[in-house]
Every structure is written in structure tokens, then in C-alpha cells.
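Following: one structure in C-alpha cells, then a few remarks.
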Amino acid sequence: MKTILIVDDEQDVRIIVRMMFSKNPAYRLLEAANGHDALALTKQERPEMIILDWLMPGLDGKNFLKTLRGDAELADTPVIMMTVKGELAAQAEGRALGVVAYLVKPFASDTLMEQVQEALKEKC
């Protein structure tokens, strides 16, 4: 069973993503509503994958990623960025920060599942 951490300040988004995974028992889902809680959960639970929102109050997705990549024990954790920021410059910045996929909200559940499976296959 693979552990995936969903990080988004909007509860509705976390619920929707959780529902996308609900029929697949291969995944254990954790949730965090902000970057600070996400870092604590990542250090404690060591998820195999993080699905991360860019825009959050406090520690946003960009700074969460910088912190994650700066931690030698967590730096290789695959991250899928999900955001309303669809501009090419934002996507390039996300890639530069090491995201394995960049999904612009709203996105199809099939697209998310494909990206998760691809990233986890590469990690294993």
C-alpha cells in the first residue's frame, strides 16, 4: 500500500481528490490543510507521493517544495502540483522546483491517477 499526502487549504478539493482514490485500495491517503502541517506529516509518515496545491496561506506550495527539496531524507519524494496557476511561467517554475507533474485545476480524475501511477512506478 502506497501512502499519498494531499495538501490543499480547501477542504472541498481534498474531499474530491480523496474520492478519486476511494475505489483503489492500493493507496492510503493522508491530508493536510497547509504547508506547515504537510511538512510535519511528511517527516512523520514518509509518504511515497505528495499531491500539493500551489496557493495556500502561510507556507505555500512553492516554499513547501523548497523546504522539502532541502531535506536530504525527503528530497526525492515525488510531488504532483495541482493549481489554478495555468500560466507557462508558473508551470516552468514548478518543474524547476522538481514536480513530477503539473495539473491545472480543474482536471480529470483519470489524469491525476495516471500521473500518480507513473510517478510511483518510476520511484519503485
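The values are calculated or read from the model by the stated rules, or taken from the named source; none is laboratory data. Bear in mind that the values here come from a model prediction, so they are computed numbers and not experimental data. Cβ atoms come from the backbone with ideal geometry, glycine included; neighbour counts cover every protein chain shown.
Data for the structure
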read-out	value
Exclusive hit being surrounded by 19 or more Cβ atoms within 10 Å (Cβ to Cβ), of a type in the set (Phe, Trp, Tyr) and more than 11 Å from the chain's Cα centre (by Cα), set Phe107, Phe21	Phe21
Single condition Lys85 does not satisfy, out of (1) in contact (Cβ under 8 Å) with a residue 40 or more places away in the chain; (2) under 18 Å from Asp9 (Cβ atoms); (3) surrounded by fewer than 20 Cβ atoms within 10 Å (Cβ to Cβ); (4) of a type in the set (D, E, K, R)	(1)
Unique match (being in contact with a strand residue (DSSP E or B) (Cβ under 8 Å, 6 or more places away or on another chain), of a type outside the set (A, V, I, L, M), surrounded by fewer than 18 Cβ atoms within 10 Å (Cβ to Cβ) and assigned to a helix (DSSP H, G or I)) among Gln44, Gln91	Gln91
Odd one out for Gln115 among (1) at pLDDT below 95; (2) out of contact with any strand residue (DSSP E or B) (no Cβ under 6 Å at 6 or more places or on another chain); (3) under 22 Å from Lys2 (Cβ atoms); (4) surrounded by 12 or more Cβ atoms within 10 Å (Cβ to Cβ)	(2)
Residue match in region 109-121 (condition: without any contact (Cβ under 8 Å) to a residue 40 or more places away in the chain, among the hydroxyl-bearing types (Ser, Thr, Tyr) and either in contact with an Asp or Glu (Cβ under 6 Å, 6 or more places away or on another chain) or under 21 Å from Asn24 (Cα atoms) (or both))	yes
